[in-house]
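Working notes for the structure below.
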Amino acid sequence: MHGTERGIGVMSIENELYKQLTDRILLYHPTRDFSKLENAVNFAVDAHKDQKRKSGEPYIIHPLKVAFILAELEMDMETIIAGILHDTIEDTPFTYADIERYFGEEIAVLVDGVTKLGRLSYSVSVSKEEIQAENFRKMFMAMAKDIRVLLIKLADRLHNMRTLNYMTEAKQKEKAKETLDIYAPLADRLGIAKIKTELEDLCFRYLYPVEYADLLAKIELKKEECLTYVNNIVRDLSE
């Protein structure tokens, strides 16, 4: 069996991320049996073993980070496992049948749904037209018969946006515009304010870098002023 016969990957970063993931799951999930989760990690490690991110890091870091975002949303174990496997059908030789054979139909359907959403194209040249973004959002809702597919896709996009600094400037702006038109409104529609807000902040950083830097500097200055004010109050109260 592919990967599922050995322990968690050889790299320490994988072990660290896996521990962070299980620790986060234990905060809300009653299970103590992580065997299926461990099998999924091992499967993904083997599936992506020759792949690297633009940062030069092993590709496996991405699905583990996606899984952690899902755990922060307190998703069920099947969704988290699908998050770990979400790129296997699209980016590796493994198929829907492989995922179904090793992890069952429910997880295979989730992974397949994320794969289909990833195949949607987005035209930057007409992206100013709100109707296009609305049509994409409708397609997302129509294609994702299981709402968990959308949540995995949002977690995937969030981590990609967090690591967008490794892309070219043109690609950064393209992905940021796409995210602002489609993914942030989608997160808002689903009521996930945490993801919506972070996506918008990240988009602002890449679409308006000068304004972003100026605002960041002002926030840092204000933060120092507030900290000084609070420290003075603490001192006065202590005295």
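The values are calculated or read from the model by the stated rules, or taken from the named source; none is laboratory data. The model shown is predicted, which means the values in this text are computed figures rather than measured ones. All Cβ positions, even for glycine, are placed from backbone atoms using ideal geometry, and neighbour counts span all protein chains on display. The area values use the complete protein model at the heavy-atom level, side chains included, leaving out ligands, DNA and RNA. Shrake-Rupley method; radii C 1.70, N 1.55, O 1.52, S 1.80 Å.
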(request) Output ³J(HN,Hα) for region 16-33: one whole-Hz value per residue in order, computed from phi by the Karplus curve 6.51 cos²θ - 1.76 cosθ + 1.60 with θ = phi - 60°, and x for Gly and Pro. (result) 5, 5, 5, 5, 4, 5, 5, 4, 5, 5, 5, 5, 9, 9, x, 5, 10, 9
(request) Obtain the nm distance between the two label points defined at ILE233 and ASP33 by a simple spin-label model: each point lies 7 Å from its Cα along the Cα-to-C-beta direction. (result) 5.1 nm
(message) As a test question: what accessible area, to the nearest 10 Å², does MET77 have when a 1.4 Å probe is rolled over all protein chains in place?
(response) 30 Å²
(message) So, for the chain, what is the accessible surface per residue at a probe of 1.4 Å, expressed in square angstrom?
(response) 54 Å²
(request) Roll a 1.4 angstrom probe over the protein heavy atoms and tell me the percent of accessible area of the chain that is carbon or sulfur. (result) 54 percent
(request) Taking the dipole about the Cα centre of region 10-66, with the C-beta of Lys and Arg at +1 and of Asp and Glu at -1, give me whichever of VAL41, THR22, PRO63 is farthest to the positive side. (result) PRO63
(message) Can you return the lysines within cross-link range of LYS171? Criterion is Cα-Cα under 16 Å, with same-chain partners fewer than 8 residues away left out.
(response) LYS54
(request) With Rg/Rh (Cα atoms, Kirkwood Rh) in mind, check [x] 1.29; [y] 1.03; [z] 1.00 and report the label derived from this structure. (result) [y]
(request) Can you tell me which of 214-223, 149-158 comes out highest on packing, and rank the rest after it, using the mean Cβ neighbours within 10 Å? (result) 149-158, 214-223
(message) Using the basic label-point model (7 angstrom from Cα toward the beta carbon), what is the GLU100 to GLU211 distance in nanometres?
(response) 4.8 nm
(message) Checking the cross-link filter: which lysines have an alpha carbon closer than 21 Å to that of LYS36, excluding same-chain neighbours under 8 positions apart?
(response) LYS19, LYS49, LYS65
(message) Run the simple label-point estimate for THR197 and ASN15 please: 7 Å along Cα→C-beta, distance reported in nm.
(response) 3.6 nm
(request) Run the dipole for the chain about the Cα centre, Lys and Arg Cβ at +1, Asp and Glu Cβ at -1, nothing else charged, and hand back the magnitude in debye, nearest 20. (result) 360 debye
(request) With θ set to phi - 60°, apply the Karplus curve 6.51 cos²θ - 1.76 cosθ + 1.60 along region 89-96 and write out the HN-Hα couplings as whole Hz, x wherever there is a Gly or Pro. (result) 6, 6, 10, 9, x, 6, 10, 4
